[in-house]
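Participant: Provided herewith is a single structure, encoded as structure tokens, for subsequent inquiry.
What follows draws every value from the coordinates through simple rules; no lab data is involved. None of these values were measured; they are calculated from a predicted model. Methodologically, a virtual Cβ is constructed for each residue, glycine included, from the backbone with ideal geometry; neighbour enumeration extends over all protein chains shown.
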Amino acid sequence: MVTIQTAENALKTVYLGAVTELLNTKVNPLLTKIEQTSTDVWGKEIRRAVSYGINGGIGAGDEDYGLPEAAGNKYLQFVAGLKNLYGQIEISDKAIQASNDAKGAFVNLLNAELQGLLDASRFNLGRMLYGDGTGLLTTIGASSTNAYPIEKPNFLVEGLVVDIFSGNTRTHNGLRISFVDHDNRTVSFENPPSTAVAANSTLFVQGSRNREITGLGAIFGGGDIYGVSRDAHPFLTPYQRAVNGQIDEIVIQEGIDRLENVAGSTVDFIAVAADVKYAYQEFMGQFKRNIDIMELEGGFRTLSYNGIPLVYDRFVEDGAMYLLNTKSFKMHQLCDWRYLENESGKILRQAADRPTFTATLVKYCDLICSRPNGQGKLTGITR
């Protein structure tokens, strides 16, 4: 007989390992390339000692000349707070009762819920990897109808629950998106805001403002990073070049060679926006050259540039190409995905005033790049 206890046991013993594996390897090609580790986690913080430059205790001489003076490695300490990532699974009491005499129906129910969680995580974790940690989705403008003008439709999806801010003040919360019009760049809500939305307002995932992981947007942005001043340590600034024109192999190779020669960094992952992928395909097509296809860990299939995966991601801004050394990135975590439990060890709890039961997956982590200067970005690429 299917009961709440049966569901709880299944989620704990059968599904947790599978869900953890899927969230870590099937969500995003870039995330799949990043090592996940529990090292350097101290309490609620990540403290990582990072070396830069080379050991200075080298030199040449002869028998009657002194040995070179010792000059050991130089270190900085990166500090970042652990971010709390959550995923919710919801099962209605009615669905459980309907599955009482059919274990297959119950399995299908859990599979559907977990697939929904995976789909939502694929969107949100992928978005965070390319975000700046603030959680900013897009700007939103005023409208007299339920079709609000937005800047970046790629960062939105139907079903997402968002908050609206005007400056630093939250003016609307808990709005669920009903439709994203990518062509006209507007967004509509299931329950439109009861008060007017101010011009130049901003959208964030519900409750997530300034609470997301430190993604590429922060690494390629300005200001301090990981508690260290870029003004005092300029090598923390990654390589950026405005192409402002069409892409070709020389432009890409110049960026790759620059990172190798100046920073000693080997590019092993290229991420591009949709328009850049098309621009690259058009360039190769001009010379009737085949584009190699490769398969990445996690089952992702992508284009290849000289053996380096060239991956389209919806969260890369238009006209941009990231040249990344993924070995410089680590996802530091207090623990892997696990369920939140109450004092009795229960993971399923009834929602207030609703005949549904929810289980919450949680992971405490943040993304650290030990060599920001070993990463590159080309912008302004046109077709």
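Participant: Report, in deg cm²/dmol and to the nearest 500, the calculated mean residue ellipticity at 222 nm for the chain, where each DSSP H run with n ≥ 4 adds -39500 (n - 2.57) and the sum is divided by the residue count. Don't skip to the end; give the middle numbers.
Facilitator: Details: 8 runs with 86 residues, N = 383.
Estimated from H runs of four or more residues: -6500 deg cm²/dmol.
Participant: Once the dipole of the chain is set up with Lys and Arg at +1 and Asp and Glu at -1 on Cβ about the Cα centre, which of Thr214, Cys369, Leu16 lies farthest towards its positive end?
Facilitator: The Cα lying farthest towards the positive end belongs to Leu16.
Participant: Of the listed pairs Lys33/Lys277; Lys33/Lys363; Lys277/Lys363; Lys44/Lys377, which have alpha-carbon separations greater than 26 Å here?
Facilitator: Check vs 26 Å cut-off fails for Lys277/Lys363; Lys44/Lys377.
Participant: Quick one: grab the alpha carbon gyration tensor of the range 136-205, order the square roots of its eigenvalues as a ≥ b ≥ c, and give me rounded if a/c is under 1.5, else prolate or oblate depending on whether a/b is larger than b/c. Spell out each step's value before the answer.
Facilitator: Details: a/c = 1.28, a/b = 1.26, b/c = 1.01.
The shape class here is rounded.
Participant: To the nearest 20 debye, what is the magnitude of the charge dipole of the chain about its Cα centre, counting +1 on the Cβ of each Lys and Arg and -1 on the Cβ of each Asp and Glu?
Facilitator: Result for the chain is approximately 780 debye, rounded to the nearest 20.
Participant: Using Cβ counts within 10 Å as a stand-in for footprinting exposure, how do Glu343, Glu113, Glu282 rank, fewest first? It would help to have the intermediate numbers written out before the result.
Facilitator: Details: Glu343 5, Glu113 19, Glu282 12.
By the 10 Å Cβ count, ascending, the order reads Glu343, Glu282, Glu113.
Participant: Please report the relative contact order for the range 175-241, taking Cα pairs under 8 Å with a sequence separation of at least 6, and give it as a percent rounded to a whole number.
Facilitator: Values: 35 pairs, mean separation 11.1, N = 67.
Averaging sequence separation for qualifying contacts and normalising by length gives 17 percent for the range 175-241.
Participant: A further question follows. Does anyone have the angle between helix 16-25 and the longest principal axis of the chain? Alpha-carbon axes, 0 to 90°, nearest 10?
Facilitator: 40
Participant: Still on this structure, please answer the following. Explain nothing, just the number: relative contact order of the chain, from Cα pairs under 8 Å at least 6 residues apart, as a whole percent.
Facilitator: That works out to 22 percent.
Participant: Between the range 301-326 and the range 188-233, what is the separation of their alpha carbon centroids in Å?
Facilitator: 23
Participant: If packing is taken as the average number of other Cβ atoms within 10 Å across a peptide's residues, how do 310-319, 333-342 rank, most packed first?
Facilitator: Those peptides, ordered most packed to least, come out 310-319, 333-342.
Participant: Helix 274-286 versus the longest principal axis of the chain: what is the Cα-based angle in degrees, 0 to 90, to the nearest 10?
Facilitator: 50
Participant: Going by average Cβ density within 10 Å per residue, which order do the peptides 184-191, 374-381, 85-92 take, highest to lowest? Can you show the working numbers first?
Facilitator: Details: 184-191: 15.8, 374-381: 21.4, 85-92: 17.4.
So the peptides 184-191, 374-381, 85-92, ranked by packing, come out 374-381, 85-92, 184-191.
Participant: Using only Cα atoms and rounding to the nearest 10 degrees, what angle (0 to 90) does helix 249-263 make with the longest principal axis of the chain?
Facilitator: 70
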